[in-house]
Each structure stands twice: as structure tokens, then as C-alpha cells.
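Below: one structure, written as C-alpha cells.
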Amino acid sequence: MKLLILVALFGLSLAQHNPHIRYGRTTIVQLFEWRWADIAAECERFLGPNGFGGVQISPPSEHIVLNSPWRPWWQRYQPISYNLCSRSGSENELRNMITRCNNVGVNIYVDAVINHMCGAGGGEGTHSSCGSWFNAGKRDFPSVPYSAWDFNDHKCRTGSGDIENYGDAYQVRDCRLVSLLDLALEKDYVRGKVAEYMNKLVDMGVAGFRVDACKHMWPGDLAVVYGRLRNLSTKWFPAGSRPFIYQEVIDLGGEPISSREYVHLGRVTEFKYGAKLGTVFRRWHGEKLCYTRNWGEGWGFMADRDALVFIDNHDNQRGHGAGGASIISFWDSRLHKMAVGYMLAHPYGVARVMSSYRWDRHFVNGKDQNDWVGPPSHADGSTKSVPINPDQTCGDGWVCEHRWRQIKNMVIFRNVVNGQPHSNWWDNQSNQVAFGRGNRGFIVFNNDDWDLDVTLNTGMPGGTYCDVISGQKEGNRCTGKQIHVGGDGRAHFRISNRDEDPFVAIHAESKL
Ligand code: AAO
């Protein structure tokens, strides 16, 4: 009997590794700080038609509203209640967006902040996104309700009440992360409130959750909460579908808490991925692209079935969280396209693409003093809508990396080659590499300071293919480079290191 229960639990947790992405799609885009109305429009006009698999949305729960600094992006990581009104819009706008995105095959994944409420210094009053009254000093959040009993103040053993040493697993879980009031998730009442919040979103049609700050919650407590989640809505998902869970655990090694403690519950964010690939493409510390022949588990990353991968995220593109200076964001656009292209071409993990907004960086002693600046906003603090320019780029400070031709086309590449093995590796023992995905795709990078000029076995059927980086196939012509693959599968590649984008990619659906 015990074995049966164990097998059932194991099966259940594996189900939480499945993103339930619709057939033919693969990739998630994080539309950081976008309004719900803009996400709904983007699903219908761009993400659905271009084969995106899902959107990670910013935390939808009611959050604190701060004046100093003025409306920072991180106020949304300070919940006041589980009411669904936030900087991105109302509950009805959220519901409408989930329906419209699901209806065009684009899943919604919610950034769930369940480890804590607002900062201990959050004060009292109604400075919250739905106007709910609260008193942080008294741990009083009547709109949930939570009271002092529901927090870990008594459990924490540090003098400050905050985490002081990441080398001590107990304080990492039982003390406050940067002074954020730490919920007592071992209490049945708190587990019930958190599950109730997440189940409301499940019933609205979301496909799963990015669970924030999981390192700061005991795996056993998370297991109980996830176990209380209902199956996904049968309006859009097969009966019995479990919510997809991917847990934010920053594990670059060196701490007692590791991703391994969480992978049986769902996928985990693999922070080593972006940190290492950034170092490789920046050619730091002697790293070379030719060393990525065994990229993935060969580099000590978690098992493929457990990994959620990305080049940058909302934290480390601005110096928060982990990854440091090696992280390649849109600020280094040429390298960013190469690194995202590499991620999307490689089979490892479920891939997530970042979509950002610009802000005025101001470095003092290497630290950006404006790392707090929120999304493009009106004078009243409300978030601006996302205007789409005639050339399909975004305006008003929205970067829309996901709309860049090179990235959009590599999302399609990942869809076309899905399920095909990593194959036909070639390298020049430096920073020129190439690899294929069975007989469905092939990609070549030149990250050296000299030209690449080589004939390679692509593994693909003979024919003329459009390079989807310098252009794409439009009707019966290529708007960029053409690659001629012979009947023997071999093709000649020439890539100048001065090219705008020094990489070339072809796939079965870019063939003339
Ligand atoms: C804001 C203010 C605070 C204030 C607080 C409360 O900034 O000064 O006290 O309000 O009033 C975001 C912002 C925070 C913000 C917070 C609440 O980033 O600045 O605080 O909202 O508004 C840790 C967590 C990780 C977390 C990360 C930022 O483990 O979960 O910090 N990320 C998530 C979200 C994030 C959000 C929160 C959590 C909170 O993505 O947006 O915060 O909801 C080490 C540890 C990591 C740890 C980092 C940073 O990392 O391992 O676990 O992340 O330190 O503290 C190398 C090492 C690597 C190390 C890294 C940095 O890379 O290999 O291990 O260096 O030291």
C-alpha cells in the first residue's frame, strides 16, 4: 500500500512538470509589468499567430503602493491581499485576458508570491492597489485575513528577524527575506488561504505558476499547498491536468539549500544556465563556445525534465537576484540575440524569453541607482499601454525582445524541431560552433574575431533554405541569406564576425 501511495505521489509531482503547452508550441515569454488588456491583445495579434506557448504574467494579487521610491516595480512582490486587482488591471480584465489568450493557444502562468506579505516597514493605511486597509507593524491584513499568528516572527532565531546568513537553511526559510513579513506556511490556515488564492486562478483558466522565493519555503509545506490545487479547467485542458509548477530557487552552488530539494514538486528555475551562457558568449574566464558541446546536464545543470531555463529575468537584468555581470540582457542586444538563439535551438529545458522595458540606468560604483524604476507610466503612476509601431516594434519604452525578428523566428525554430535530438555538432575549437536538431533544423554561430567559412553536414534534406536570423521566408523568397543544402546534406556557411547578427539558422519550414 505504502509503495502504491509513493508511486501515486511521484506520478502526481511529475505531472506538475508539464507546462501543458498546446501542440506545436514550446516557449514561454515573460511580459514583465504588462497590463492585462495589452497581454490579451498581444496574444491575439502576435503570440498566437507566431506560435508562442505561454505568457508569464507579473503578480496579479493586491500589492502595496509606494511613494519612495516612486512606484518601484518591486511593489508587486509585496502582497497586501489575494484580491485580484493590481498595477496591471482588475479581476475582470485578468479573467478576460486569460480567456482570450487560452482561446488562441497561449497559456497563462502566474507569478505567485506566497512566501510573504509586504515589508515590515510597510506602515498602515490603504496605500494598496485595491485600497485594502492593512497594518504591517501589527501583521494585520484584514482583506485575507491574516493576523500576527500567521507569520513566522516567533520562529526566526536571528536578532534582526531578517535572513542574515544564507548558509543557515533554517533562517533562510523561517526569517524575513529583505524584511518581507514571512508567512507561517506550516499552518493549515495559511496553507488554505494560499491554496484558495491559487485555485481561484486555476478555475479562471491559468495553466500554472512561477512560485516566487521557493528557497524561503520548506519543501514539505509547498508539497501540501500544491497538493491542494485543483486540476486545470477542462474548458481548455484535458481532464486531470495538474497545474504546471516552476519554482524560483536561486542555486549557483555554495549554499546548503539546493534545487534538488524542490525538483520532485515541479520544475525549478536553472539560474546556472543564463549565468554560464553569459560567461561563454562574453568569452570571460577562458570560456569558449566550443566547450558547450555537452551543454545542459553535462555542465552540471539539473535534469532536463526538471529545468526552466532563461538568459535573463526581471531580477538579474537589473542586478537583483543572481547571475551578476555575466547576465546578457537586451542592453547588450547583439549578444542577447545570440544567447537567446542558442537557448531556443538547444533541446534542454522549458525555455522562457524575457520581454522588458527600458529605464535610465545610472551606475555608481558598478551599481545601478535606478534598479527600482517601474514600467513606463503616466504621471499618476498608472502603467502605460504598449503601442505597436508600423515596423512591429514596441514604443513608449517597451523593449519587446520577443518581437525582435531573430528571437521570434527562433521561437518558431524551437517549435519546428521539437522532439528532434541534438545532432551534427561541429566546432573550430574556439568560438565557432554548429549543431542540428535531427533533420529538422541547423544553426551556426561565429563568436570569434575572424570570419567563419566552412562546409558542414546539416543532416537536412537537400534544398534552398532561408536563414531566419538575417531574414525569413516570405512567400517563395528569402528576405535575408539563402543556404543551399546539397543532396548529401552538406552546406557552405560564411559568417563575417562583423555581421549585425553573426549566426545563421535554417529549419524545415524555412525551405523554399
Ligand atoms: C524591496 C527592497 C528591500 C526592502 C523590501 C521590503 O529592495 O530593500 O527591504 O522591499 O520593504 C523584489 C526585489 C527586492 C524587493 C522585493 C520586495 O528584488 O529588492 O525588496 O521585491 O519588494 C533572493 C531570493 C529570491 C529573490 C531575490 C531578489 O532568494 O527569491 O532575492 N527573487 C524573488 C523575486 C524578486 C523579489 C522577491 C523574490 C521577493 O524574483 O523580484 O524581490 O518577493 C543570493 C541568494 C539568493 C538571493 C540573492 C539576493 O544569491 O543565493 O537566494 O535571492 O542572494 O539576495 C551570486 C551567488 C548567489 C547570490 C548572488 C547575489 O550570484 O552565486 O547565490 O550572488 O548575492
Of the residues in the stretch 122-136, those that are surrounded by fewer than 23 Cβ atoms within 10 Å (Cβ to Cβ), more than 10 Å from the ligand (Cβ to nearest atom) and among the hydrophobic types (A, V, I, L, M, F, W, C) come to Cys130, Trp133
Subset of the stretch 175-193, residues away from the ligand (no atom under 14 Å from the Cβ) and assigned to a helix (DSSP H, G or I), comes to Asp188, Tyr189, Val190, Arg191, Gly192, Lys193
Checked against (1) in contact with a helix residue (DSSP H, G or I) (Cβ under 7 Å, 6 or more places away or on another chain); (2) away from the ligand (no atom under 14 Å from the Cβ); (3) under 30 Å from Asp251 (Cβ atoms), Val104 satisfies every condition except (3)
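What number of residues within the stretch 152-172 are crowded, with 17+ Cβ neighbours inside 10 Å and away from the ligand (no atom under 14 Å from the Cβ)? Working first, answer last.
Filtering the stretch 152-172 for residues crowded, with 17+ Cβ neighbours inside 10 Å gives 152, 156, 161, 163, 168, 171-172.
Pick out the ones that are also away from the ligand (no atom under 14 Å from the Cβ) and you get 152, 156.
Adding up the residues that qualify gives 2.
Could you tell me whether the stretch 324-342 includes any residue that is within 16 Å of the ligand (Cβ to nearest atom), over 18 Å from the mean Cα position of the chain (by Cα), surrounded by fewer than 24 Cβ atoms within 10 Å (Cβ to Cβ) and under 24 Å from Leu265 (Cα atoms)? Can you show your working first?
Just the residues of the stretch 324-342 that are within 16 Å of the ligand (Cβ to nearest atom), to begin with: 324-329.
Keeping just the survivors that are over 18 Å from the mean Cα position of the chain (by Cα) gives 325.
From the residues that got through so far, the ones that are surrounded by fewer than 24 Cβ atoms within 10 Å (Cβ to Cβ) too are 325.
From the residues that got through so far, the ones that are under 24 Å from Leu265 (Cα atoms) too are none.
No, because not a single residue in the stretch 324-342 is within 16 Å of the ligand (Cβ to nearest atom), over 18 Å from the mean Cα position of the chain (by Cα), surrounded by fewer than 24 Cβ atoms within 10 Å (Cβ to Cβ) and under 24 Å from Leu265 (Cα atoms).
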In the stretch 49-81, anything assigned to a loop (DSSP other than H, G, I, E, B), in contact with a Phe, Trp or Tyr (Cβ under 7 Å, 6 or more places away or on another chain) and within 11 Å of the ligand (Cβ to nearest atom) is listed as Ser58, Pro59, Pro69, Pro72
Picked from the stretch 98-121 (must be crowded, with 22+ Cβ neighbours inside 10 Å and over 22 Å from Arg22 (Cα atoms)), the residue nearest to the chain's Cα centre (by Cα) is Ala112
Q. Hey, any hits in the stretch 226-243 for a residue that's part of a loop (DSSP other than H, G, I, E, B), within 16 Å of the ligand (Cβ to nearest atom) and either under 30 Å from Arg334 (Cα atoms) or more than 19 Å from the chain's Cα centre (by Cα) (or both)?
A. no
Apart from one, (1) within 20 Å of Gln56 (Cβ to Cβ); (2) touching a residue at least 24 places away in the same chain (Cβ under 8 Å); (3) surrounded by 17 or more Cβ atoms within 10 Å (Cβ to Cβ) all hold for Arg305; the odd one out is (3)
Checked Val263, Val211 against criteria (away from the ligand (no atom under 16 Å from the Cβ), in contact (Cβ under 8 Å) with a residue 24 or more places away in the chain and aliphatic (A, V, I, L, M)); the one match is Val263
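None of the figures in this text is laboratory data; all of them are computed from the coordinates on show. Everything numeric in this text was worked out from a predicted model, so none of it was measured. We place every Cβ from the backbone using ideal geometry, glycine too, and count neighbours over all the protein chains shown.
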